[in-house]
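First up is the structure itself, then whatever we jot down about it.
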Amino acid sequence: MPKRSLFRSWFPSDGERRPPSLRALLQGRRLRRLLVAGALSAILAVAVAVGCTTWVRSAADGHLYDAASVPAAPVALVLGAQVDNGQPSAFLAARLEIARQLLEAGKIKAILVSGDHGEWAYDEPGAMQAWLVARGVPADRVVLDHAGFDTYDSCVRARKIFGVQQAIVVTQNFHLPRAVALCREQGIDATGVGDDTARAYKDLWLRGEVREYGAAVKAAADVLTARDPVFLGPHETGVETAVRNG
């Protein structure tokens, strides 16, 4: 017998009304269950993302400033971002410019640049240091963290490896609450100054804003599991020395 639709099984061409087959009923129920399960999963995912984002914003509340009003601190922690052919991207350059201004204004004494140097040919901290030195920042005021593979790693390493107890975190505004929240979770008395100039890159900025909802979930998971960063190691005195030089 040729395969018929569920509608035709109820109203066949000979006019006789027939009940749907067991297979059709099971398929219909299975589809409904899948739709309900999918809807519930989506609702749960949204609820988790919103909850984690609320935690991030609450933890950072009262600790976000502009460059002119931020309280002084021994060091600025500049978080890494994309480097192209050894040159900081526009987003990263904007972060570095804020750190340069903070140093020039006497708000900080040292700059800790933390980024990805997982491959020999790709060196975010090295590019960050070169950019700062080329613009008049003394090399002995810049300390490099080569294993800041993500925001959580940068914050943990700042505290456990470099001994940072108080810092101004510098990044884009959409990223800043999460960065400050994670650093404060590590016991750093962290404030934050955010860049807004990169908003001119509308598509990239919007992508960053949307990404923060998922990143907040990862941040909460990192804090709850207290995972170690990719690399730890012995205490490094670079920040202490740079602060003394200031």
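The values are calculated or read from the model by the stated rules, or taken from the named source; none is laboratory data. A quick note: this is a predicted structure, and the numbers were derived from the prediction, not measured. Methodologically, a virtual Cβ is constructed for each residue, glycine included, from the backbone with ideal geometry; neighbour enumeration extends over all protein chains shown. Accessible surface areas use protein heavy atoms only, side chains included; no ligands, DNA or RNA. Shrake-Rupley method; radii C 1.70, N 1.55, O 1.52, S 1.80 Å.
When ranked by the protection proxy of mean other Cβ atoms within 10 Å per residue, highest first, what sequence do the peptides 115-122, 192-199 form?
192-199, 115-122
Give me the net charge for the shell around S89: Cβ to Cβ below 15 angstrom, other residues only, Lys and Arg +1, Asp and Glu -1.
-4
Quickly rank 40-47, 95-102, 204-211 as a protection proxy: mean count of other C-beta atoms within 10 Å, highest first.
95-102, 204-211, 40-47
Name the residue farthest towards the positive end of the dipole of the chain from the options F231, A220, A37, assuming +1 on Cβ of Lys and Arg, -1 on Cβ of Asp and Glu, about the Cα centre.
Most positive-ward Cα: A37.
Let me know the shape class of the stretch 197-246, please: from the alpha-carbon gyration tensor, a ≥ b ≥ c as square roots of the eigenvalues, rounded when a/c is under 1.5, otherwise prolate if a/b is greater than b/c, or oblate.
Taking the square roots of the gyration eigenvalues as a ≥ b ≥ c, the stretch 197-246 is oblate.
Residue by residue through the stretch 222-234, which ³J(HN,Hα) values in whole Hz follow from phi under the Karplus form 6.51 cos²θ - 1.76 cosθ + 1.60 (θ = phi - 60°), with glycine and proline marked x?
For the stretch 222-234, the Karplus-derived couplings read 4, 5, 5, 8, 6, 5, 7, x, 4, 10, 10, x, x Hz, x marking Gly and Pro.
Could you let me know the centre-to-centre spacing of the stretch 196-227 and the stretch 112-160, using Cα atoms, in angstrom?
Using only Cα atoms, the two centres lie 20 Å from each other.
Got the relative contact order for the stretch 92-246 handy, in percent, Cα pairs under 8 Å and 6 or more residues apart?
Result for the stretch 92-246 is 28 percent.
Kindly express, to the nearest 10 degrees and within the range 0 to 90, the angle between helix 22-60's C-alpha long axis and the longest C-alpha principal axis of the chain.
20
Leaving out ligands, DNA and RNA, and with a 1.4 Å probe, what % of the accessible surface on the chain is carbon or sulfur?
Taking all protein chains in place, the chain shows 57 percent carbon and sulfur surface.
Quick one: net charge of V36's neighbours, Cβ under 12 Å, K/R +1, D/E -1?
With Lys, Arg at +1 and Asp, Glu at -1, the neighbours total +4.
Suppose all protein chains stay in the model; what accessible area per residue would a 1.4 Å probe give for the chain, in Å²?
Here the per-residue accessible area is 55 Å².
What cysteines in the chain have no other cysteine with a beta carbon less than 4.7 Å from their beta carbon?
Result for the chain is C52, no neighbouring Cys Cβ within the cutoff.
By DSSP, what percent of the beta bridges with both residues in the chain are antiparallel, rounded to the nearest 5?
Values: 4 of 26 bridges.
Taking every DSSP beta bridge within the chain, about 15 percent pair in antiparallel fashion.
For the chain, what is the number of Lys pairs with C-alpha distance below 28 angstrom, counting only pairs 8 or more positions apart or on separate chains?
Going through the chain pair by pair, I get 4.
Lys and Arg at +1, Asp and Glu at -1: add these up for the other residues within a Cβ distance under 12 Å of V180 and post the number.
Values: positive: R57, R178, R184; negative: D61, E185, D189.
Counting the neighbours of V180, the net charge comes to 0.
Give the peptides 237-245, 131-139 in descending order of average Cβ contacts within 10 Å, highest first. Could the numbers behind the result be given before it?
Numbers: 237-245: 16.3, 131-139: 14.4.
Ranking the peptides 237-245, 131-139 by packing returns 237-245, 131-139.
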